[in-house]
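The values are calculated or read from the model by the stated rules, or taken from the named source; none is laboratory data. If you're wondering where the values come from, they're calculated on a predicted model, not measured in any experiment. Reconstructed Cβ throughout: ideal geometry from the backbone, glycine too, with neighbour counts over all protein chains shown.
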Amino acid sequence: MNARHRLLIACAVALPAVAAHAQQPHIRPGLWENTVSVKSDNAQMNAAMEQMKQRMAALRPEQRVAMEKAMGGHASMNPGGPTTMRVCVTKEQIARGFHPEERGHCSRTNVSTSGNVTRFDVACQSERGGNITGHGVYTELSDTAYTASTSADVASPKMTMHIQNDMSGKFISSDCGDVKPIEAPAK
């Protein structure tokens, strides 16, 4: 399993957590810093993450900065630990309610909100035959902070695994600077 494949799996599981914002979240538009921790029961993925951690530890500081810059300059790499990234959230995204992937590959069911906590189930189907099913909880702490977690089973023709994601987000600024919003792909 290559690094890009692992990243795609982690994002596929983490993104529904952000998408879990009920109907219309009550957060501020602007620059947010999100921290994501991923745990897996897949030995191959864990071994690859450990290998990445060792390689990152061996980098000189300027090499590490160059690597993070190559990732768009908006992510802090911490293999084996949380990954921190900055994202721009627009008023339009908030108004749409961050629905899962717009091309119909993911769906949310059993969405329930009580106070500032939203619980949901998510299911995603890949064009290549894999699928993700899981459950998540999103907690809006204020208009400047949230936490979210997902627990999901990933099955593909080549592997199966269970992944646990824990996220936290905090508002940084109403100005996104050079960080561009992430938009759903066109239908």
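Here are a few things to note about the model shown:
- Residues located in region 166-184, provided they are at pLDDT 90 or above and part of a strand (DSSP E or B): Asp166, Met167, Ser168, Gly169, Lys170, Phe171, Ile172, Ser173
- Flag if Gln23 is modelled with pLDDT under 80 and over 16 Å from Tyr146 (Cα atoms): no
- Restricted to region 112-141, and to residues there that are touching an Asp or Glu at 6+ places or on another chain (Cβ under 6 Å) and within 21 Å of Asn34 (Cα to Cα), the residue that is surrounded by the fewest Cβ atoms within 10 Å (Cβ to Cβ) is Asn116.
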